[in-house]
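Worksheet for the structure shown next.
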Amino acid sequence: MRLSTSSTAFLLASSLNGGAAFVPTSLVTAPAAPTSSSSTSLNVASAPRVNSSGSTSSFPPGDNKAWSPDSWKNCIAKQMPVYESQEELDAAVETLNRVAPLVFAGEVRSLHEKLARVTQGQGFVLMGGDCAESFKEFHVNHIRDTFRVLLQMALVLTFGSAMPVVKIGRMAGQFAKPRSEPNEVIDGVSLPSYRGDNVNREEFTPEARRNDPNLMVDAYHQSAQTLNILRAFSTGGFADIARLHAWNLDFVEDTEEGSRYQKLAAKIDESLRFMKAIGIDTSKPEFTSVDFYTAHECLLLPYEQALTRQDSTTGKWYDCSAHMLWVGERTRDLDGAHLEFTRGVGNPLGVKVSDKCTPEELIRIIDTMNPQNVPGKLSIIVRMGAEKLRKNLPGLIRAVQREGKAVVWISDPVHGNTRKSESGFKTRDFDNIRAELRAFFDVHDEMGSHPGGVHIEMTGEDVTECTGGVSAVSDETLNKNYATACDPRLNGSQALELAFLIAERMRLRTGLPPL
Ligand code: PEP
Ligand code: CO
(Lines give C-alpha, C1' and ligand atoms only; values in the text may rest on other atoms or scores of the structure.)
(Ligands and ions follow the chains in the order given, each with its own letter.)
Protein backbone atom coordinates (compact mmCIF):
# COMPACT_ATOMS: atom_id res chain seq x y z
CA MET A 1 0.00 0.00 0.00
CA ARG A 2 1.18 3.45 -0.67
CA LEU A 3 0.65 4.29 2.94
CA SER A 4 1.69 7.81 2.34
CA THR A 5 0.13 9.77 -0.49
CA SER A 6 -1.95 7.20 -2.31
CA SER A 7 -3.48 8.29 -5.56
CA THR A 8 -6.68 6.75 -4.34
CA ALA A 9 -9.05 8.72 -2.14
CA PHE A 10 -9.89 6.80 1.00
CA LEU A 11 -13.00 6.92 3.05
CA LEU A 12 -13.20 5.32 6.43
CA ALA A 13 -15.72 2.55 6.60
CA SER A 14 -16.61 0.92 9.87
CA SER A 15 -16.41 -2.79 9.78
CA LEU A 16 -18.88 -4.96 11.56
CA ASN A 17 -17.57 -5.20 15.10
CA GLY A 18 -15.80 -1.90 15.43
CA GLY A 19 -12.65 -2.51 13.39
CA ALA A 20 -12.03 -0.17 10.52
CA ALA A 21 -10.72 -0.41 7.00
CA PHE A 22 -9.92 2.21 4.40
CA VAL A 23 -11.99 1.94 1.27
CA PRO A 24 -11.12 3.84 -1.85
CA THR A 25 -14.14 5.59 -3.25
CA SER A 26 -13.25 4.35 -6.72
CA LEU A 27 -13.35 0.68 -5.82
CA VAL A 28 -16.47 -0.10 -3.97
CA THR A 29 -17.68 -3.20 -5.73
CA ALA A 30 -20.38 -5.65 -4.86
CA PRO A 31 -19.01 -8.76 -3.17
CA ALA A 32 -17.68 -10.63 -6.14
CA ALA A 33 -16.63 -13.95 -4.71
CA PRO A 34 -19.29 -16.56 -5.23
CA THR A 35 -20.96 -17.39 -1.94
CA SER A 36 -20.51 -20.82 -0.54
CA SER A 37 -24.16 -21.46 0.17
CA SER A 38 -24.51 -23.87 -2.70
CA SER A 39 -21.17 -25.49 -2.14
CA THR A 40 -20.61 -28.72 -0.36
CA SER A 41 -16.87 -28.99 -0.89
CA LEU A 42 -15.70 -26.06 1.22
CA ASN A 43 -15.47 -27.94 4.47
CA VAL A 44 -13.78 -31.00 3.09
CA ALA A 45 -10.12 -31.29 4.00
CA SER A 46 -9.15 -33.21 0.90
CA ALA A 47 -11.92 -32.36 -1.44
CA PRO A 48 -12.57 -34.98 -4.11
CA ARG A 49 -12.49 -33.75 -7.68
CA VAL A 50 -15.96 -32.48 -8.36
CA ASN A 51 -17.40 -30.65 -11.31
CA SER A 52 -16.71 -26.97 -11.55
CA SER A 53 -19.43 -24.69 -10.23
CA GLY A 54 -19.75 -23.50 -13.80
CA SER A 55 -18.51 -19.98 -13.16
CA THR A 56 -16.00 -18.82 -15.70
CA SER A 57 -13.45 -16.11 -15.97
CA SER A 58 -11.10 -15.21 -18.76
CA PHE A 59 -8.36 -14.21 -16.30
CA PRO A 60 -5.47 -14.71 -16.53
CA PRO A 61 -5.56 -13.69 -20.19
CA GLY A 62 -4.12 -16.26 -22.48
CA ASP A 63 -4.69 -19.06 -20.03
CA ASN A 64 -7.02 -21.64 -21.45
CA LYS A 65 -8.09 -23.18 -18.16
CA ALA A 66 -11.07 -21.37 -16.69
CA TRP A 67 -10.42 -19.77 -13.36
CA SER A 68 -12.85 -18.38 -10.85
CA PRO A 69 -12.43 -17.43 -7.18
CA ASP A 70 -13.86 -20.83 -6.22
CA SER A 71 -12.26 -23.02 -8.90
CA TRP A 72 -9.80 -24.21 -6.23
CA LYS A 73 -12.64 -26.35 -4.90
CA ASN A 74 -12.10 -28.67 -7.86
CA CYS A 75 -8.62 -29.52 -6.60
CA ILE A 76 -7.17 -31.28 -3.59
CA ALA A 77 -6.88 -28.69 -0.82
CA LYS A 78 -4.20 -29.73 1.67
CA GLN A 79 -4.05 -28.41 5.24
CA MET A 80 -7.66 -27.23 5.16
CA PRO A 81 -9.61 -27.42 8.42
CA VAL A 82 -12.68 -29.62 8.54
CA TYR A 83 -15.62 -27.69 9.98
CA GLU A 84 -18.41 -29.44 11.85
CA SER A 85 -21.24 -27.30 10.57
CA GLN A 86 -21.62 -26.34 6.93
CA GLU A 87 -24.25 -23.82 7.98
CA GLU A 88 -21.90 -22.08 10.38
CA LEU A 89 -19.18 -22.00 7.74
CA ASP A 90 -21.54 -20.60 5.11
CA ALA A 91 -22.66 -17.85 7.49
CA ALA A 92 -19.06 -16.82 8.26
CA VAL A 93 -18.10 -16.81 4.57
CA GLU A 94 -21.23 -14.82 3.76
CA THR A 95 -20.21 -12.21 6.35
CA LEU A 96 -16.72 -12.02 4.83
CA ASN A 97 -18.18 -11.67 1.34
CA ARG A 98 -19.64 -8.36 2.48
CA VAL A 99 -16.78 -6.82 4.45
CA ALA A 100 -14.65 -4.03 3.08
CA PRO A 101 -11.48 -5.07 1.25
CA LEU A 102 -8.36 -4.66 3.38
CA VAL A 103 -6.10 -3.56 0.53
CA PHE A 104 -6.77 -2.06 -2.86
CA ALA A 105 -5.83 -2.77 -6.42
CA GLY A 106 -3.81 0.43 -6.83
CA GLU A 107 -1.68 -0.39 -3.80
CA VAL A 108 -1.17 -3.94 -5.00
CA ARG A 109 -0.03 -2.67 -8.40
CA SER A 110 2.43 -0.26 -6.78
CA LEU A 111 4.02 -3.18 -4.89
CA HIS A 112 4.11 -5.17 -8.13
CA GLU A 113 6.02 -2.35 -9.86
CA LYS A 114 8.56 -2.21 -7.05
CA LEU A 115 9.07 -5.97 -7.18
CA ALA A 116 9.51 -5.78 -10.94
CA ARG A 117 12.47 -3.47 -10.37
CA VAL A 118 13.94 -5.99 -7.93
CA THR A 119 13.91 -8.65 -10.68
CA GLN A 120 16.19 -6.28 -12.58
CA GLY A 121 18.61 -6.09 -9.67
CA GLN A 122 17.36 -2.69 -8.54
CA GLY A 123 16.17 -3.15 -5.00
CA PHE A 124 15.94 -5.48 -2.07
CA VAL A 125 12.86 -6.93 -0.36
CA LEU A 126 12.53 -7.01 3.40
CA MET A 127 9.71 -9.25 4.65
CA GLY A 128 9.21 -9.81 8.35
CA GLY A 129 6.82 -10.33 11.20
CA ASP A 130 5.34 -12.93 13.50
CA CYS A 131 5.23 -16.59 12.52
CA ALA A 132 1.58 -16.38 13.54
CA GLU A 133 -0.33 -13.34 14.63
CA SER A 134 -2.49 -14.05 17.64
CA PHE A 135 -5.57 -12.59 19.24
CA LYS A 136 -3.90 -12.72 22.66
CA GLU A 137 -0.79 -10.75 21.60
CA PHE A 138 -2.79 -8.12 19.70
CA HIS A 139 -1.82 -4.69 20.95
CA VAL A 140 -0.97 -1.42 19.31
CA ASN A 141 2.45 -1.49 21.02
CA HIS A 142 3.23 -4.89 19.55
CA ILE A 143 2.45 -3.64 16.05
CA ARG A 144 4.37 -0.42 16.66
CA ASP A 145 7.48 -2.25 17.90
CA THR A 146 7.57 -4.72 15.02
CA PHE A 147 6.97 -1.93 12.51
CA ARG A 148 9.73 0.13 14.13
CA VAL A 149 12.30 -2.67 13.92
CA LEU A 150 11.32 -3.31 10.30
CA LEU A 151 11.89 0.38 9.53
CA GLN A 152 15.23 0.33 11.33
CA MET A 153 16.27 -2.74 9.38
CA ALA A 154 15.11 -1.12 6.16
CA LEU A 155 17.12 1.98 6.94
CA VAL A 156 20.28 -0.03 7.59
CA LEU A 157 19.68 -1.92 4.34
CA THR A 158 18.89 1.17 2.27
CA PHE A 159 21.83 3.15 3.56
CA GLY A 160 24.08 0.13 3.44
CA SER A 161 23.20 -1.14 -0.01
CA ALA A 162 22.32 2.17 -1.65
CA MET A 163 19.24 0.48 -3.06
CA PRO A 164 15.52 0.95 -2.54
CA VAL A 165 14.14 -1.47 0.03
CA VAL A 166 10.64 -2.87 -0.45
CA LYS A 167 9.10 -3.20 3.01
CA ILE A 168 6.55 -5.96 3.58
CA GLY A 169 5.10 -7.05 6.95
CA ARG A 170 4.00 -10.60 7.73
CA MET A 171 1.14 -8.73 9.35
CA ALA A 172 -2.59 -8.05 9.18
CA GLY A 173 -3.55 -11.55 8.07
CA GLN A 174 -0.77 -14.01 9.02
CA PHE A 175 -2.90 -16.33 11.13
CA ALA A 176 -3.35 -19.75 9.50
CA LYS A 177 -0.60 -22.33 10.03
CA PRO A 178 0.14 -25.55 8.16
CA ARG A 179 0.87 -28.45 10.52
CA SER A 180 2.90 -31.59 9.94
CA GLU A 181 0.64 -33.64 12.27
CA PRO A 182 -3.17 -33.37 12.17
CA ASN A 183 -3.32 -34.24 15.88
CA GLU A 184 -1.32 -33.33 18.94
CA VAL A 185 -0.89 -35.90 21.70
CA ILE A 186 -0.15 -34.81 25.27
CA ASP A 187 -0.06 -37.38 28.11
CA GLY A 188 -1.95 -39.86 25.98
CA VAL A 189 -4.68 -37.36 25.07
CA SER A 190 -5.04 -36.66 21.35
CA LEU A 191 -6.65 -33.44 20.09
CA PRO A 192 -6.63 -31.71 16.71
CA SER A 193 -3.49 -29.63 16.17
CA TYR A 194 -3.63 -25.89 16.64
CA ARG A 195 -3.88 -24.32 13.15
CA GLY A 196 -3.75 -20.63 13.94
CA ASP A 197 -6.15 -18.22 15.63
CA ASN A 198 -8.37 -17.92 12.56
CA VAL A 199 -9.07 -21.68 12.70
CA ASN A 200 -8.98 -22.85 16.34
CA ARG A 201 -7.40 -21.89 19.67
CA GLU A 202 -4.07 -22.82 21.22
CA GLU A 203 -5.30 -24.11 24.61
CA PHE A 204 -5.19 -27.89 24.80
CA THR A 205 -8.91 -28.52 25.34
CA PRO A 206 -11.46 -30.07 22.99
CA GLU A 207 -13.47 -26.79 22.95
CA ALA A 208 -10.45 -24.66 22.05
CA ARG A 209 -9.27 -27.08 19.35
CA ARG A 210 -12.65 -27.17 17.63
CA ASN A 211 -12.42 -25.53 14.21
CA ASP A 212 -14.62 -22.46 14.40
CA PRO A 213 -15.37 -20.58 11.14
CA ASN A 214 -16.32 -17.44 13.07
CA LEU A 215 -12.64 -17.06 13.96
CA MET A 216 -12.05 -16.08 10.32
CA VAL A 217 -14.32 -13.08 10.88
CA ASP A 218 -12.49 -12.17 14.10
CA ALA A 219 -9.16 -12.45 12.26
CA TYR A 220 -10.48 -10.15 9.53
CA HIS A 221 -11.39 -7.50 12.11
CA GLN A 222 -8.03 -7.75 13.82
CA SER A 223 -6.34 -7.43 10.42
CA ALA A 224 -8.43 -4.31 9.70
CA GLN A 225 -7.31 -2.76 12.97
CA THR A 226 -3.69 -3.71 12.34
CA LEU A 227 -3.79 -2.12 8.89
CA ASN A 228 -5.38 0.98 10.32
CA ILE A 229 -2.50 1.31 12.79
CA LEU A 230 0.11 0.60 10.12
CA ARG A 231 -1.38 3.19 7.78
CA ALA A 232 -1.32 5.77 10.58
CA PHE A 233 2.27 4.96 11.57
CA SER A 234 3.44 5.09 7.96
CA THR A 235 2.23 8.61 7.42
CA GLY A 236 1.59 10.20 10.81
CA GLY A 237 5.12 11.29 11.66
CA PHE A 238 6.26 8.00 13.21
CA ALA A 239 8.19 7.12 10.06
CA ASP A 240 9.79 10.56 9.70
CA ILE A 241 13.44 9.99 8.95
CA ALA A 242 14.34 13.01 11.13
CA ARG A 243 12.94 11.10 14.13
CA LEU A 244 15.44 8.36 13.59
CA HIS A 245 16.78 8.39 17.12
CA ALA A 246 13.29 8.25 18.59
CA TRP A 247 12.89 4.89 16.85
CA ASN A 248 15.53 3.32 19.01
CA LEU A 249 14.49 0.54 21.27
CA ASP A 250 15.90 0.87 24.76
CA PHE A 251 17.19 -2.66 24.85
CA VAL A 252 19.38 -2.31 21.77
CA GLU A 253 21.20 0.70 23.18
CA ASP A 254 23.62 -1.38 25.20
CA THR A 255 24.33 -3.88 22.47
CA GLU A 256 27.02 -3.82 19.83
CA GLU A 257 24.61 -3.59 16.91
CA GLY A 258 22.60 -1.01 18.86
CA SER A 259 25.63 1.27 18.94
CA ARG A 260 26.40 0.56 15.26
CA TYR A 261 22.84 1.57 14.55
CA GLN A 262 23.35 4.80 16.53
CA LYS A 263 26.47 5.57 14.49
CA LEU A 264 24.59 4.95 11.27
CA ALA A 265 21.72 7.13 12.50
CA ALA A 266 24.20 9.91 13.24
CA LYS A 267 25.55 9.65 9.67
CA ILE A 268 22.04 9.92 8.27
CA ASP A 269 21.27 12.91 10.51
CA GLU A 270 24.39 14.57 9.18
CA SER A 271 23.31 13.90 5.59
CA LEU A 272 19.88 15.38 6.38
CA ARG A 273 21.45 18.52 7.87
CA PHE A 274 23.55 18.87 4.74
CA MET A 275 20.48 18.46 2.52
CA LYS A 276 18.60 21.10 4.51
CA ALA A 277 21.58 23.44 4.29
CA ILE A 278 21.59 23.25 0.50
CA GLY A 279 17.84 23.90 0.38
CA ILE A 280 16.28 20.44 0.03
CA ASP A 281 12.84 20.30 1.66
CA THR A 282 13.05 17.38 4.09
CA SER A 283 9.44 17.75 5.16
CA LYS A 284 8.34 16.13 1.89
CA PRO A 285 6.61 12.70 1.98
CA GLU A 286 9.80 11.01 0.71
CA PHE A 287 11.35 11.86 4.09
CA THR A 288 8.36 11.63 6.39
CA SER A 289 6.41 8.57 5.29
CA VAL A 290 7.08 5.08 4.02
CA ASP A 291 5.43 2.66 1.62
CA PHE A 292 4.61 -0.42 3.65
CA TYR A 293 2.88 -3.53 2.35
CA THR A 294 1.34 -6.62 3.92
CA ALA A 295 1.64 -10.32 3.10
CA HIS A 296 0.69 -13.67 4.55
CA GLU A 297 0.60 -17.32 3.65
CA CYS A 298 -2.33 -18.04 1.36
CA LEU A 299 -3.51 -21.11 3.24
CA LEU A 300 -7.09 -20.80 4.45
CA LEU A 301 -8.86 -20.69 1.11
CA PRO A 302 -12.44 -19.98 2.24
CA TYR A 303 -11.09 -16.77 3.83
CA GLU A 304 -8.99 -15.85 0.79
CA GLN A 305 -11.84 -16.54 -1.61
CA ALA A 306 -14.25 -14.39 0.38
CA LEU A 307 -11.83 -11.44 0.31
CA THR A 308 -11.28 -11.77 -3.45
CA ARG A 309 -12.87 -8.94 -5.39
CA GLN A 310 -12.94 -7.73 -8.96
CA ASP A 311 -11.24 -4.42 -9.62
CA SER A 312 -13.81 -2.11 -11.15
CA THR A 313 -11.30 -0.36 -13.39
CA THR A 314 -9.40 -3.31 -14.89
CA GLY A 315 -11.79 -6.23 -14.37
CA LYS A 316 -8.94 -8.21 -12.75
CA TRP A 317 -9.45 -10.23 -9.60
CA TYR A 318 -7.45 -9.31 -6.51
CA ASP A 319 -7.27 -11.08 -3.19
CA CYS A 320 -7.87 -8.02 -1.04
CA SER A 321 -6.77 -9.72 2.21
CA ALA A 322 -3.13 -8.62 1.62
CA HIS A 323 -0.95 -6.99 -0.99
CA MET A 324 1.14 -10.10 -1.51
CA LEU A 325 0.38 -13.76 -0.82
CA TRP A 326 2.67 -16.72 -0.71
CA VAL A 327 2.05 -20.43 -0.98
CA GLY A 328 3.85 -22.51 1.64
CA GLU A 329 6.21 -25.42 1.21
CA ARG A 330 3.51 -27.93 2.23
CA THR A 331 0.78 -26.76 -0.12
CA ARG A 332 2.59 -25.90 -3.35
CA ASP A 333 1.46 -29.02 -5.24
CA LEU A 334 1.19 -28.35 -8.96
CA ASP A 335 -2.38 -29.60 -9.21
CA GLY A 336 -3.38 -28.53 -5.70
CA ALA A 337 -5.98 -25.99 -4.63
CA HIS A 338 -3.48 -23.36 -3.47
CA LEU A 339 -1.77 -23.00 -6.83
CA GLU A 340 -5.16 -23.08 -8.53
CA PHE A 341 -6.43 -20.22 -6.36
CA THR A 342 -3.34 -18.03 -6.58
CA ARG A 343 -2.87 -18.40 -10.34
CA GLY A 344 -5.99 -16.31 -10.92
CA VAL A 345 -5.42 -13.33 -8.66
CA GLY A 346 -3.59 -10.19 -9.72
CA ASN A 347 -1.52 -9.87 -6.52
CA PRO A 348 2.23 -10.41 -6.46
CA LEU A 349 2.83 -13.96 -5.25
CA GLY A 350 5.50 -15.92 -3.48
CA VAL A 351 6.22 -19.62 -3.21
CA LYS A 352 8.34 -21.25 -0.52
CA VAL A 353 10.79 -23.89 -1.71
CA SER A 354 12.85 -26.34 0.31
CA ASP A 355 15.46 -28.79 -0.95
CA LYS A 356 12.58 -31.06 -1.96
CA CYS A 357 11.86 -28.87 -4.99
CA THR A 358 13.59 -29.96 -8.19
CA PRO A 359 14.53 -27.50 -10.94
CA GLU A 360 11.90 -29.05 -13.26
CA GLU A 361 9.22 -28.70 -10.61
CA LEU A 362 10.20 -25.11 -9.95
CA ILE A 363 9.82 -24.22 -13.62
CA ARG A 364 6.36 -25.82 -13.68
CA ILE A 365 5.38 -23.89 -10.56
CA ILE A 366 6.56 -20.66 -12.18
CA ASP A 367 4.62 -21.49 -15.37
CA THR A 368 1.48 -22.03 -13.28
CA MET A 369 1.77 -19.01 -10.99
CA ASN A 370 3.17 -16.59 -13.56
CA PRO A 371 2.34 -18.03 -16.99
CA GLN A 372 3.16 -14.80 -18.79
CA ASN A 373 6.49 -14.34 -17.03
CA VAL A 374 5.55 -10.88 -15.79
CA PRO A 375 8.49 -9.37 -13.85
CA GLY A 376 7.66 -8.82 -10.16
CA LYS A 377 4.71 -11.21 -10.16
CA LEU A 378 6.52 -14.10 -8.49
CA SER A 379 9.08 -14.39 -5.72
CA ILE A 380 10.83 -17.66 -4.95
CA ILE A 381 11.34 -17.84 -1.19
CA VAL A 382 14.16 -20.28 -0.53
CA ARG A 383 14.26 -22.09 2.85
CA MET A 384 16.49 -25.13 3.13
CA GLY A 385 19.33 -24.61 5.61
CA ALA A 386 22.85 -23.55 4.60
CA GLU A 387 24.21 -26.90 3.58
CA LYS A 388 21.29 -27.98 1.42
CA LEU A 389 21.08 -24.52 -0.07
CA ARG A 390 24.69 -24.65 -1.29
CA LYS A 391 23.88 -27.97 -2.94
CA ASN A 392 20.43 -27.22 -4.37
CA LEU A 393 20.08 -23.52 -5.07
CA PRO A 394 22.57 -23.42 -8.00
CA GLY A 395 20.42 -25.91 -9.94
CA LEU A 396 17.26 -23.91 -9.30
CA ILE A 397 18.92 -20.65 -10.38
CA ARG A 398 20.40 -22.33 -13.46
CA ALA A 399 16.97 -23.59 -14.54
CA VAL A 400 15.42 -20.14 -14.05
CA GLN A 401 18.25 -18.53 -16.03
CA ARG A 402 18.04 -21.12 -18.80
CA GLU A 403 14.27 -20.63 -19.15
CA GLY A 404 14.56 -16.84 -18.97
CA LYS A 405 12.15 -16.52 -16.04
CA ALA A 406 11.86 -13.21 -14.21
CA VAL A 407 11.70 -13.95 -10.48
CA VAL A 408 12.67 -12.29 -7.22
CA TRP A 409 14.93 -14.59 -5.18
CA ILE A 410 14.24 -14.20 -1.47
CA SER A 411 16.03 -16.00 1.34
CA ASP A 412 13.97 -17.31 4.25
CA PRO A 413 16.89 -18.31 6.49
CA VAL A 414 14.69 -19.31 9.42
CA HIS A 415 12.34 -22.12 8.35
CA GLY A 416 15.13 -24.55 7.46
CA ASN A 417 16.78 -24.01 10.84
CA THR A 418 14.37 -25.02 13.57
CA ARG A 419 15.47 -27.33 16.40
CA LYS A 420 14.23 -28.40 19.80
CA SER A 421 16.22 -27.28 22.85
CA GLU A 422 16.91 -29.75 25.65
CA SER A 423 14.37 -27.93 27.73
CA GLY A 424 11.78 -28.62 25.02
CA PHE A 425 11.55 -25.21 23.33
CA LYS A 426 11.27 -24.97 19.56
CA THR A 427 14.16 -22.64 18.74
CA ARG A 428 16.59 -21.45 16.07
CA ASP A 429 20.28 -20.59 16.35
CA PHE A 430 21.42 -17.23 15.07
CA ASP A 431 24.61 -18.85 13.71
CA ASN A 432 22.59 -21.21 11.50
CA ILE A 433 20.42 -18.36 10.23
CA ARG A 434 23.54 -16.34 9.42
CA ALA A 435 25.14 -19.37 7.73
CA GLU A 436 22.10 -19.81 5.47
CA LEU A 437 22.12 -16.14 4.52
CA ARG A 438 25.84 -16.30 3.72
CA ALA A 439 25.24 -19.35 1.56
CA PHE A 440 22.40 -17.55 -0.23
CA PHE A 441 24.65 -14.59 -1.06
CA ASP A 442 27.60 -16.80 -2.02
CA VAL A 443 25.52 -18.86 -4.45
CA HIS A 444 24.02 -15.75 -6.07
CA ASP A 445 27.51 -14.28 -6.41
CA GLU A 446 28.70 -17.47 -8.09
CA MET A 447 25.69 -17.67 -10.40
CA GLY A 448 25.67 -13.99 -11.34
CA SER A 449 22.11 -13.51 -10.17
CA HIS A 450 20.52 -10.99 -7.84
CA PRO A 451 19.90 -11.89 -4.17
CA GLY A 452 16.62 -10.01 -4.03
CA GLY A 453 15.47 -10.13 -0.44
CA VAL A 454 15.07 -11.68 2.96
CA HIS A 455 12.01 -13.13 4.71
CA ILE A 456 12.22 -13.58 8.47
CA GLU A 457 10.14 -14.29 11.54
CA MET A 458 10.82 -11.49 13.98
CA THR A 459 9.20 -9.19 16.49
CA GLY A 460 10.05 -5.82 17.96
CA GLU A 461 9.81 -7.20 21.44
CA ASP A 462 12.65 -8.43 23.59
CA VAL A 463 11.65 -12.08 23.36
CA THR A 464 13.94 -15.04 24.04
CA GLU A 465 12.92 -17.48 21.32
CA CYS A 466 16.01 -17.80 19.08
CA THR A 467 19.46 -18.41 20.56
CA GLY A 468 22.71 -16.55 19.83
CA GLY A 469 23.60 -13.27 18.21
CA VAL A 470 25.13 -10.54 20.32
CA SER A 471 21.99 -10.49 22.45
CA ALA A 472 23.25 -13.84 23.73
CA VAL A 473 20.03 -15.73 24.34
CA SER A 474 21.02 -19.29 25.28
CA ASP A 475 19.18 -22.58 25.71
CA GLU A 476 19.13 -21.83 29.43
CA THR A 477 17.47 -18.43 29.01
CA LEU A 478 14.85 -19.37 26.41
CA ASN A 479 12.22 -19.56 29.14
CA LYS A 480 12.70 -15.90 30.15
CA ASN A 481 10.33 -14.49 27.55
CA TYR A 482 9.20 -17.20 25.15
CA ALA A 483 5.92 -15.83 23.79
CA THR A 484 5.41 -17.02 20.21
CA ALA A 485 2.14 -18.59 19.12
CA CYS A 486 4.06 -20.81 16.69
CA ASP A 487 7.68 -20.72 15.44
CA PRO A 488 10.45 -18.87 17.35
CA ARG A 489 11.08 -15.28 16.26
CA LEU A 490 14.22 -13.18 16.19
CA ASN A 491 13.97 -10.38 18.75
CA GLY A 492 14.53 -6.73 17.81
CA SER A 493 18.24 -6.83 18.48
CA GLN A 494 18.83 -10.10 16.58
CA ALA A 495 16.82 -8.76 13.64
CA LEU A 496 18.90 -5.58 13.50
CA GLU A 497 22.10 -7.60 13.69
CA LEU A 498 20.93 -9.55 10.67
CA ALA A 499 20.19 -6.32 8.80
CA PHE A 500 23.80 -5.15 9.27
CA LEU A 501 25.05 -8.47 8.04
CA ILE A 502 22.95 -8.27 4.88
CA ALA A 503 23.81 -4.61 4.31
CA GLU A 504 27.49 -5.50 4.47
CA ARG A 505 27.06 -8.27 1.88
CA MET A 506 25.14 -5.92 -0.38
CA ARG A 507 27.90 -3.32 -0.06
CA LEU A 508 30.51 -5.88 -0.96
CA ARG A 509 28.58 -6.73 -4.13
CA THR A 510 28.41 -3.09 -5.17
CA GLY A 511 32.02 -2.32 -4.29
CA LEU A 512 31.17 0.06 -1.40
CA PRO A 513 33.39 0.17 1.71
CA PRO A 514 32.14 -1.58 4.91
CA LEU A 515 29.68 0.35 7.10
C1 PEP B 1 5.88 -19.96 7.52
O2 PEP B 1 6.30 -19.08 6.75
O3 PEP B 1 5.50 -19.73 8.68
C4 PEP B 1 5.86 -21.38 7.05
C5 PEP B 1 5.08 -22.28 7.58
O6 PEP B 1 6.74 -21.56 6.08
P7 PEP B 1 7.08 -22.85 5.17
O8 PEP B 1 5.91 -23.03 4.25
O9 PEP B 1 8.30 -22.39 4.46
O10 PEP B 1 7.32 -24.00 6.10
CO1 CO C 1 6.91 -20.07 10.75
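The values are calculated or read from the model by the stated rules, or taken from the named source; none is laboratory data. Bear in mind the structure is a predicted one, so any value in this text is a computation, not a measurement. We place every Cβ from the backbone using ideal geometry, glycine too, and count neighbours over all the protein chains shown. In case anyone asks, the SASA skips ligands and DNA or RNA and just uses the protein heavy atoms, side chains included. Shrake-Rupley method; radii C 1.70, N 1.55, O 1.52, S 1.80 Å.
Annotations for the structure displayed:
- When you filter the trypsin sites (Lys or Arg not before Pro) in the range 446-514 for DSSP loop state and at most 16 other Cβ atoms inside 10 Å of their Cβ, nothing is left.
- Principal-axis tilt of helix 140-161 within the chain, Cα atoms, nearest 10 degrees: 60 degrees
- Angle in degrees between helix 214-235 and the longest Cα principal axis of the chain, rounded to the nearest 10: 30 degrees
- In this structure, the pairs whose alpha-carbon distance is over 22 Å, taken from Lys78/Lys377; Lys78/Lys136; Lys391/Lys420; Lys78/Lys352; Lys352/Lys405; Lys284/Lys377, are Lys78/Lys377; Lys78/Lys136; Lys391/Lys420; Lys284/Lys377.
- Using a probe of 1.4 Å, the accessible surface attributed to Cys320 totals some 0 Å² when neighbouring protein chains are kept in position.
- Projected label distance in nm at Gln120 and Gln401, using a 7 Å step from Cα toward the beta-carbon: 2.1 nm
- Between helix 105-119 and the chain there is an angle of about 50 degrees, using the helix long axis and the longest principal axis of the Cα atoms.
- Percent accessible area from carbon and sulfur atoms, the chain, protein chains only, probe 1.4 Å: 50 percent
- Global geometry of the range 381-501, whether rounded, prolate or oblate, following the gyration tensor of its Cα atoms and the 1.5 cut on a/c: prolate
- Span per principal axis, largest first, for the Cα atoms of the chain (Å): 64, 56, 51
- On a per residue basis, the chain carries 38 Å² of accessible surface, using protein heavy atoms and a 1.4 Å probe.
- Rounded to the nearest 20 debye, the dipole magnitude of the range 355-422 is 100 debye, with +1 charges on Lys and Arg beta carbons, -1 on Asp and Glu beta carbons, and the Cα centre as origin.
- With one equal scatterer per alpha carbon and no solvent term, the Debye-computed log10 I(q)/I(0) for the range 353-420 at 0.19, 0.21, 0.28 1/Å reads -0.71, -0.84, -1.32.
- Helix-derived mean residue ellipticity, 222 nm - over the chain, DSSP H n ≥ 4, -39500 (n - 2.57), to 500: -11000 deg cm²/dmol
- No disulfide-compatible partner, judged by a Cβ distance under 4.7 Å, exists for the following cysteines of the chain: Cys75, Cys298, Cys320, Cys357, Cys466.
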